[in-house]
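Trainee: This is the structure I have questions about; it appears just below.
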Ligand code: FES
Ligand code: FES
């Protein structure tokens, strides 16, 4: 079947999609968007997290055919040509929260969503929001630092804009 949808603000279509194919497979193998990672393919690790119509989902658990006429935003779509990396992406780099990087795309999307909903999250808010994203390398403290840093920068940017 053919699936037509919007990926990172652009209309895209994928041909010869089979019925059991996941959104994750279609993004990575057919559409040249390998940012979302396939670590477990069972909804357990969060490495494949993308936005679907504005809400984070595990793309390994979404059938490709389900995204017909819908909006998908991947980790690649957090950055833009005009402004470069999203503050969340930059904060993960600056805080040293990236080691092997396999968990990072999912954490970036989930953190981006958290800060859209709650610009100044508490540590327990952060832990809860990221509880479905597993990391085997960092011990999570650098990730906590990165989220706090992104929150602080976003809040200081928005207070500068409003002055
Ligand atoms: S690859 Fe989708 S949750 Fe692990
Ligand atoms: S940086 Fe390796 S799994 Fe998180």
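Trainee: Given the structure, is residue 10 buried (at least 17 other Cβ atoms within 10 Å of the Cβ) and either touching a residue at least 24 places away in the same chain (Cβ under 8 Å) or within 27 Å of residue 117 (Cα to Cα) (or both)?
Mentor: Here the answer is no, as residue 10 does not meet what is asked.
Trainee: Quick one: residue 54 ticks every box in (1) surrounded by 14 or more Cβ atoms within 10 Å (Cβ to Cβ); (2) touching a helix residue (DSSP H, G or I) at 6+ places or on another chain (Cβ under 9 Å) bar one, so which box is it?
Mentor: So residue 54 meets the others, but not (1).
Trainee: Taking only region 27-54 into account, find how many residues are within 16 Å of the chain's Cα centre (by Cα) and over 20 Å from residue 104 (Cβ atoms).
Mentor: Number of matching residues: 2.
Trainee: While we're looking at this one, here's another question. Among residues belonging to region 61-86 that are assigned to a helix (DSSP H, G or I) and more than 13 Å from the chain's Cα centre (by Cα), point out the one that is nearest to ligand 1 (Cβ to nearest atom).
Mentor: My answer is 61.
Readers should treat all values here as calculations from the given coordinates under stated rules, not as data from a laboratory. Since the structure is predicted, the reported quantities are computational estimates derived from the model, not experimental observations. Quick reminder, even Gly has a Cβ in these numbers, built from the backbone with ideal geometry, and neighbours come from all protein chains shown.
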